[in-house]
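> Supplied in structure tokens, the structure appears directly below.
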Amino acid sequence: MGRHKSEDKRNAILAAATRVIASQGLNATTAIIAQEAGVSNGSLFTYFETKADLYNVLYLEIKGELAAAALKGLPAKADVRGQMFHVWKNWMEWAIAHPDQRKTLTQLNGYDELTAETKTAGHVTMAGIAHLLATARALGALKDVPMEFASSIMESLANSTMTFMVKEPENADRHCRTGFESFWRVVG
């Protein structure tokens, strides 16, 4: 007979994995993650078959949080630039409010054991943002480059913007706008 799985324990494991990866990197052991979550190492494997399974689920969880935050309150009647700024600003605010998730997602983006299914699901999660980027891209200099290249430019500018927003919180709004204006000049 299978063991009953608690949503609270599952969430505690995911939250602990986020904190541990943010502080120790992807090589952190499941024993450390389990200890941080307040569960036994065996219990961790009741919820996630392998460490790779845990990391794939965590990647999708964080991507989902980010996408939901970025698209929250999207002004349907705004033009593409206005909608992109709304997404950009929400993304920056989410990243500043969730530094462990930001750092963990950055590390998971380079994780060799992310499955093709996980990557596809991650793209689906970000479809609303990707659609906006594709629409904006069609207007400017990046219209003929692969979408992956345009996305990479956006992420690079976003990461630089976030870094300076954290480094100089008194100038966070200015950095947010400057980062977006730089992004828009390249993309739109």
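> Which one is nearest to Asn90 (Cα to Cα), of the residues in the stretch 164-177 that are open to solvent by less than 80 Å² (accessible area, probe 1.4 Å) and under 21 Å from the mean Cα position of the chain (by Cα)?
Within the stretch 164-177, the match that is nearest to Asn90 (Cα to Cα) is Cys176.
> May I ask you to say which residue of Ala15, Ala37 is open to solvent by less than 50 Å² (accessible area, probe 1.4 Å), more than 19 Å from the chain's Cα centre (by Cα) and more than 15 Å from Thr106 (Cβ to Cβ)?
So the residue among Ala15, Ala37 that is open to solvent by less than 50 Å² (accessible area, probe 1.4 Å), more than 19 Å from the chain's Cα centre (by Cα) and more than 15 Å from Thr106 (Cβ to Cβ) is Ala37.
> State whether the residues of the stretch 71-83 include one that is of a type in the set (A, V, I, L, M), open to solvent by less than 20 Å² (accessible area, probe 1.4 Å) and either in a helix (DSSP H, G or I) or on the phi < 0 side of the Ramachandran plot (or both).
Checked against the condition, which is being of a type in the set (A, V, I, L, M), open to solvent by less than 20 Å² (accessible area, probe 1.4 Å) and either in a helix (DSSP H, G or I) or on the phi < 0 side of the Ramachandran plot (or both), the stretch 71-83 yields no hits at all.
> Among the residues of the stretch 42-54, how many are open to solvent by 30 Å² or more (accessible area, probe 1.4 Å), at pLDDT 95 or above and small (Gly, Ala, Ser)?
Of the residues in that region, 0 qualify.
For (1) at pLDDT 90 or above; (2) touching a strand residue (DSSP E or B) at 6+ places or on another chain (Cβ under 6 Å); (3) open to solvent by less than 50 Å² (accessible area, probe 1.4 Å), each residue gets a yes or a no:
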| site | (1), (2), (3) |
| --- | --- |
| Ala97 | yes, no, no |
| Tyr111 | yes, no, yes |
| Leu114 | yes, no, yes |
| Val145 | no, no, yes |
| Ala150 | no, no, yes |
| Asn159 | yes, no, no |
| Met162 | yes, no, yes |
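> Another question about this same structure. I'd like to check something: does the stretch 138-156 contain any residue that is β-branched (Val, Ile, Thr) and under 25 Å from Glu61 (Cβ atoms)? It would help to see each step written out before you state the result.
Of all residues in the stretch 138-156, those β-branched (Val, Ile, Thr) come to 145, 153.
Now narrow it down to the ones that are under 25 Å from Glu61 (Cβ atoms): none.
No, the stretch 138-156 contains no residue that is β-branched (Val, Ile, Thr) and under 25 Å from Glu61 (Cβ atoms).
> Could you identify the single residue in Glu65, Glu49 that is part of a helix (DSSP H, G or I) and over 19 Å from Ala150 (Cβ atoms)?
Going through Glu65, Glu49 in turn, just one is part of a helix (DSSP H, G or I) and over 19 Å from Ala150 (Cβ atoms): Glu65.
> So which of Val87, Val57 ends up being over 20 Å from Val166 (Cα atoms), open to solvent by less than 60 Å² (accessible area, probe 1.4 Å) and in contact (Cβ under 8 Å) with a residue 24 or more places away in the chain?
Details: Val87 fails: over 20 Å from Val166 (Cα atoms).
Matching residue, one of Val87, Val57: Val57.
The values are calculated or read from the model by the stated rules, or taken from the named source; none is laboratory data. In this text, all values refer to a predicted model and were calculated from it rather than measured experimentally. Every residue, glycine as well, gets a Cβ built from its backbone with ideal geometry; the counts of neighbours run over all protein chains shown. Surface areas here come from the heavy atoms of the whole protein model, side chains and all, with no ligands, DNA or RNA. Shrake-Rupley method; radii C 1.70, N 1.55, O 1.52, S 1.80 Å.
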